[in-house]
Structure formats: C-alpha cells, structure tokens
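Engineer: Below are the structure tokens for one structure; questions will follow.
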Amino acid sequence: MLTRRTLLKYSAAAASALAMPAIARAEPIKMRLAHAANEIHPGHIAAVEFKKALEELLPGATDLTIFPNRQLGEDRQNLESAIAGTNELCGCSGVLFPSVTGRNGLDAYQLPFLINDYDHFSRVATSDVGQKLLDDLAPAGLVGLQTTDIGQRHFLCATKAVKSVPDFAGLKTRILPVPLHKAIWEAVGTSPVGLPYGEVYGALETGVIDAVEINVSSMLGENLWEVGKNFTLTGHYPWHNVIAINKAFFDGLPEEVQQALRQAGRDSIAPTLDYTKNQDNDGRADLQEKGVEIYELENLAEMQKTVEPIVAQWSKDAPLVAEFVEQARALA
C-alpha cells in the first residue's frame, strides 16, 4: 500500500524525477471537486482535508480546485456531474448515492441507531466493509475515495418542543426524499416532506414544514437557528459524506496518482471527524446563546425500538448492507 512516508521521501525535486518521472515532469493534473456545503461546514472541511492530504502525498503533481457553497449545484447535481464526467470529483451526502446510482450499499450508514458516535464511525469507515461500500460504486462509473461523518442528526422544530416520542406525531418534517428516510420518519410518526437542502430555511420560516432532522453544523451554516428554536438531541444516524471521482477519469491517471487519491481519502477521514465532533459539541453552546432551547428526548429507547425493524428489513434486501450491519455491531 502506498503510504505517506513512502511518498514524502520522494518529495524533493531530484528524487521525484527519479521515482516518478512522468508525474514530476508533467503539468499538474487538474481536477475539480464540487459540493453544496458552505466553508464552515464539515462537508467543506472534508474536501479541504482531502486536498491537503493529496498535496502532501504528491507535491506539485495535482491541481485540485474545490467549488463549495452550491456553486456548481446541489448535492444531486454534483453527484450526477461526477458520474457524467462534467466534473471530476464530487462530495455529497452518502444517502443520495443509492437513488442516483442504483447501488444501495451506502444506505447502511444511516440505518437508525446503528452508528453510536464519531469514534465508532471512524472504525467502521476505515474497515474492510467500509471500503467495500466505496468499491461497490464502480459499476455506476465512480470510484469512492472517502466516507466521513459531517454531523450526527438530531431534530429541529419551529412550532413546539419535542420532548418525547408522541410529540413527533403529525409534524411536517423535511427529509431527503429517499426510501430509507421516508420509512424511518413515518415509523416515528411524522409526516415526511421531501425538499432540497437549500429550501429548508424558507420552508421553516413560512410554515411549509414544521421541523427538520438536521445536524448542528447545518443549523449554524444555514442559520436555521433563526427560524427554529426547539432542538431535540436524538443522534438517530450520522450524516455521511462521500467523496467520489469519475471512474473513467480515474482509470486514465498514472498508477501513482490513483494510489495517492485513495490514500488521501483515508488520511482525510480522521481530521474531518475531529472537526465535526468539535463543531457538534461546541456548536450546541453557540446555538443556546442564539436562543435555541436544547432538549434530551425523554424516551429515546422507545424511538430506537420503533425503528429497529428497519435495520432488519434493509439488511434482508441487500447482502452488503447485512455485512455492514454485522461489522458495525462488532466494532461498537
């Protein structure tokens, strides 16, 4: 396996010319990475850490430009562009990959209450089965490079405090319109409403929706605290973010660059998770200072029991998901 130590010892110009003449003497390979998050969001940090790791592994060999803040589109558009090769790389919500690519393995990260915390996520994402989920994207024309958590999800309500499971009943709750999220939030008792991420603020402000399942980073980055003041800590699943590259483009790269891209994906997981974890914990105090009331769900065990059958259902329908569930529980 290509390691940081192995590559860095060739970073001097003369050594690089001997070890990797094709790369050292060529113009930097230009690549674009598009994502929808703003600059304080862990989704952007994931891209920045990936770029930093790549440049440390192959100094001067690549020229990666990051396009944040929905500059080139929402999550789905960025994913579709990477598949088509319009952009080389994308960073977007892992839950979108099954609906766009038809490869359902990445649903596994958001099976309710399967991943306990950020440390547990790190162990799973860097495990063999975590790599299998990335490799499973190949038939869809993508090479998965990184999976990280950009914020445990909780529940924000604009209309009332949600303190127990019955309080969820009937709340018009924004979800990403995918089958897994629909199944989870219908089981909890809400009335799910599928909306693009960029429309959440306006929908909460105008009453189109009552609530949204969301993370701290998105509340801060999108100023959702201005329109929702009741935040209930549930930690029902992580919001996993995946960086992927167009497979045809990847296959045309020198082997050293391919290996470095894969290694950069792994190397950038830990610093991104550190940022996410700190923002999650510290951000709660920021939200309280902005007038947000934060609650613990009184009967979280009841919510967990309510959605538990969904884990078995998704595992039954997909062997790779079942393998992931088994490995995640073993690594808990």
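Engineer: Under the condition of being at pLDDT below 95 and of a type outside the set (Lys, Arg), which residue from the stretch 70-82 is surrounded by the most Cβ atoms within 10 Å (Cβ to Cβ)?
Structural biologist: That would be Asp75.
So that you can scan it fast, the table gives a plain yes or no per residue for (1) at pLDDT 95 or above; (2) within 28 Å of Asp251 (Cβ to Cβ); (3) of a type in the set (Ser, Thr, Tyr):
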| position | (1), (2), (3) |
| --- | --- |
| Ala84 | yes, yes, no |
| Leu89 | yes, yes, no |
| Thr101 | yes, yes, yes |
| Leu106 | yes, yes, no |
| Gln110 | yes, no, no |
| Val124 | yes, yes, no |
| Asp135 | yes, yes, no |
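Engineer: Take the residues in the stretch 252-264 that are assigned to a helix (DSSP H, G or I) and free of Cβ contacts under 8 Å to residues at least 12 places away in the same chain, then tell me which one is nearest to Ser81 (Cα to Cα).
Structural biologist: Gln258
Engineer: Sticking with this structure for a sec: Criterion first (within 16 Å of Ile45 (Cα to Cα) and in the same structural domain as Pro68 (by TED's automatic domain parsing)) does Pro271 satisfy it?
Structural biologist: Considered against the rule, which asks whether it is within 16 Å of Ile45 (Cα to Cα) and in the same structural domain as Pro68 (by TED's automatic domain parsing), Pro271 comes out as yes.
Engineer: Would the stretch 114-137 turn up any residue that is crowded, with 23+ Cβ neighbours inside 10 Å, touching a Lys or Arg at 6+ places or on another chain (Cβ under 7 Å) and of a type in the set (S, T, N, Q)?
Structural biologist: No, the stretch 114-137 has no match at all.
Engineer: Kindly list the number of the only condition in (1) in a helix (DSSP H, G or I); (2) at pLDDT below 95; (3) within 23 Å of the chain's Cα centre (by Cα); (4) hydrophobic (A, V, I, L, M, F, W, C) that fails for Ile23.
Structural biologist: With (1) in a helix (DSSP H, G or I); (2) at pLDDT below 95; (3) within 23 Å of the chain's Cα centre (by Cα); (4) hydrophobic (A, V, I, L, M, F, W, C) applied to Ile23, the lone miss is (3).
Engineer: Can you name the residue in the stretch 197-210 that is assigned to a loop (DSSP other than H, G, I, E, B) and surrounded by fewer than 16 Cβ atoms within 10 Å (Cβ to Cβ) and is also farthest from the chain's Cα centre (by Cα) among such residues?
Structural biologist: Step by step, filter the stretch 197-210, then rank; the result is Gly207.
Engineer: Looking only at the stretch 272-299, how many residues end up being assigned to a helix (DSSP H, G or I) and buried (at least 19 other Cβ atoms within 10 Å of the Cβ)?
Structural biologist: Qualifying residue count, the stretch 272-299: 9.
The values are calculated or read from the model by the stated rules, or taken from the named source; none is laboratory data. Given the structure is predicted, the values throughout are model-derived calculations rather than measurements. Please note: Cβ atoms are built from the backbone with ideal geometry, for glycine as well, and neighbour counts cover all protein chains shown.
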